[in-house]
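Accompanying notes for the structure given below.
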Amino acid sequence: MADPIRINSSEPIVSNSTARNDQNRVEGQSFADTLAQKISQPGTQTLKFSNHAQKRLETRDISLSDDGLARLAMAVDKAEKRGGRESLVLMDEMAFIVNVKDRIVVTAMDANQRGEGVFTQIDSVVLADKAK
């Protein structure tokens, strides 16, 4: 059984609206509030989390590090380049369903919450491997 991934960043996540001013940092927000903001990583487009995905992350005690968010965004970039529309992104012990066109994470689950392991209404699967 894998332990949930926790946010390991010593720096708070900066929202797009405060990125212009380095002195305005996001502090004291819940994980759901942080995910509700648009999160950008260098070299990738903005990635959003639906309300449903935020609730699943909280109730299933799933958190993502900055590296995890970057890997997820890069996986969505790969799916978009190959024409994916609704993709299953597999990363470590987690799975994410993503609407590629709108760059929205629709839901998230870990190995303990995947049910029978059947995913429907997707057209592609992307492996979000760690950088080598």
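Here, each number is a calculation from the coordinates, and none is a lab measurement. Computed from a prediction, not measured in an experiment: that's the story for all the values here. A quick note on method: Cβ atoms are made from the backbone with ideal geometry, for glycine too, and the neighbour counts reach across all protein chains shown.
Considering only Cα-Cα distances, which of the following residue pairs are longer than 21 Å: 101/130; 78/101; 55/81?
Result: 101/130; 55/81 exceed 21 Å.
Against the globular-protein guess of 2.2 N^0.38 Å, express the Cα radius of gyration of segment 83-132 as a ratio, rounded to two decimals.
1.11
Would you mind putting 77-88, 115-126 in packing order, based on average other-beta-carbon counts within 10 Å, highest first?
Listed from highest to lowest mean packing, they are 77-88, 115-126.
How many nm is it between the label spots at residue 48 and residue 66, if each spot is 7 Å from the Cα in line with the beta carbon?
Between residue 48 and residue 66, the simple spin-label model gives 2.5 nm.
If each residue of separation counts as 0.36 nm, what is the full-extension length gain between residue 55 and residue 93 once their alpha-carbon separation is subtracted?
11.8 nm
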